[in-house]
Amino acid sequence: NAGVTQTPKFRILKIGQSMTLQCTQDMNHNYMYWYRQDPGMGLKLIYYSVGAGITDKGEVPNGYNVSRSTTEDFPLRLELAAPSQTSVYFCASSSERGYFNEQFFGPGTRLTVL
Amino acid sequence: GEDVEQSLFLSVREGDSSVINCTYTDSSSTYLYWYKQEPGAGLQLLTYIFSNMDMKQDQRLTVLLNKKDKHLSLRIADTQTGDSAIYFCAESKTGANNLFFGTGTRLTVIP
């Protein structure tokens, strides 16, 4: 199993450009999450999904969109990139919500908006 | 303010014990977790403790939970250079789908 994979690993965008961060998991997990990690700020939840066709906002959803057409894929879309979106983005998945929630993380995408 | 707080940095000498602390504010926490992030990598679950437990030991790792003070700690015995990483505590809460992470503590092990 590859686990959770993310592409690209690095990207530099100009202000106003758009891009899609890809995330795929091969563990047949229903739950998937997008976090951003800023220095000294921990991880903040952007969006999450509890299954194909179902998505919901997290703590910091503004400026982002997601879709979940399959169990495996959960892409994150930035429509009009802003410098405040410079961050490291992590995708994660888990098998069920329950009370015990082990999340499996991808290696991250480092995004810089100039 | 943040729900989960940690100090940002910790340095220890190789072979010493490391203690990483975390405080949380929500009494509805069900499980508390320690994740490890190595340079350039994603987070990986290191250990966890159910909220009705006081202590959990797993080889070199000891997790202590003080529910009254809402304080969680991770002790690493005989710290090795390979333990250098960022350690995040996290909590899962009743009614929430995601985990709530602390700011992370960067552990540096000095040879």
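Any idea which of (1) out of contact with any Lys or Arg (no Cβ under 7 Å at 6 or more places or on another chain); (2) open to solvent by 30 Å² or more (accessible area, probe 1.4 Å); (3) touching a residue at least 12 places away in the same chain (Cβ under 8 Å) is the one A:Pro61 doesn't satisfy?
The number of the failed condition is (2).
Just the residues that are away from chain A (no Cβ under 14 Å) and either open to solvent by 40 Å² or more (accessible area, probe 1.4 Å) or on the phi > 0 side of the Ramachandran plot (or both), please, taken from the range B:8-24.
B:Leu10, B:Ser11, B:Arg13, B:Glu14, B:Gly15, B:Asp16, B:Ser17, B:Val19, B:Asn21, listed by residue number.
Go through the range A:42-58 and give me each residue that's under 19 Å from A:Glu79 (Cβ atoms) and loosely packed, with under 15 Cβ neighbours inside 10 Å.
Correct list: A:Asp56, A:Lys57.
What single numbered condition from (1) farther than 23 Å from B:Gly95 by Cβ; (2) open to solvent by 80 Å² or more (accessible area, probe 1.4 Å); (3) of a type in the set (A, V, I, L, M, F, W, C); (4) out of contact with any Ser or Thr (no Cβ under 9 Å at 6 or more places or on another chain) fails to hold for A:Phe10?
(4)
Select from the range B:74-98 the residues that are closer than 26 Å to A:Asn30 by Cα and without any contact (Cβ under 8 Å) to a residue 40 or more places away in the chain and list them in ascending order.
B:Ala96, B:Asn97, B:Asn98
Please indicate, with yes or no, whether at least one residue in the range B:77-90 is open to solvent by 10 Å² or more (accessible area, probe 1.4 Å), within 11 Å of chain A (Cβ to nearest Cβ) and within 24 Å of A:Glu96 (Cβ to Cβ).
Taking every residue of the range B:77-90 in turn, none turns out to be open to solvent by 10 Å² or more (accessible area, probe 1.4 Å), within 11 Å of chain A (Cβ to nearest Cβ) and within 24 Å of A:Glu96 (Cβ to Cβ).
Just wondering, is there one or more residues in the range B:39-59 that are in contact with an Asp or Glu (Cβ under 6 Å, 6 or more places away or on another chain), among the basic types (Lys, Arg) and open to solvent by 20 Å² or more (accessible area, probe 1.4 Å)?
No, the conditions are met nowhere in the range B:39-59.
In the range A:9-39, what residues are under 14 Å from A:Leu111 (Cβ atoms) and under 12 Å from the mean Cα position of the chain (by Cα)?
Selection gives A:Thr20, A:Leu21, A:Gln22, A:Cys23, A:Trp34, A:Tyr35, A:Arg36, A:Gln37.
Can you name every residue in the range A:68-114 that is touching a Lys or Arg at 6+ places or on another chain (Cβ under 8 Å) and open to solvent by 60 Å² or more (accessible area, probe 1.4 Å)?
A:Arg110, A:Leu114
Given (1) away from every other protein chain (no Cβ under 11 Å); (2) aromatic (Phe, Trp, Tyr); (3) in contact (Cβ under 8 Å) with a residue 60 or more places away in the chain, identify the lone condition not met by B:Trp34.
Here B:Trp34 clears every test but (3).
The values are calculated or read from the model by the stated rules, or taken from the named source; none is laboratory data. Treat the numbers as computed from the prediction; the structure is a model and nothing was measured. Don't worry about glycine lacking a Cβ; one is built from the backbone with ideal geometry, like all the others, and counts go over all protein chains shown. Side chains are part of the model used for accessible areas, which takes the heavy atoms of the whole protein and leaves out ligands, DNA and RNA. Shrake-Rupley method; radii C 1.70, N 1.55, O 1.52, S 1.80 Å.
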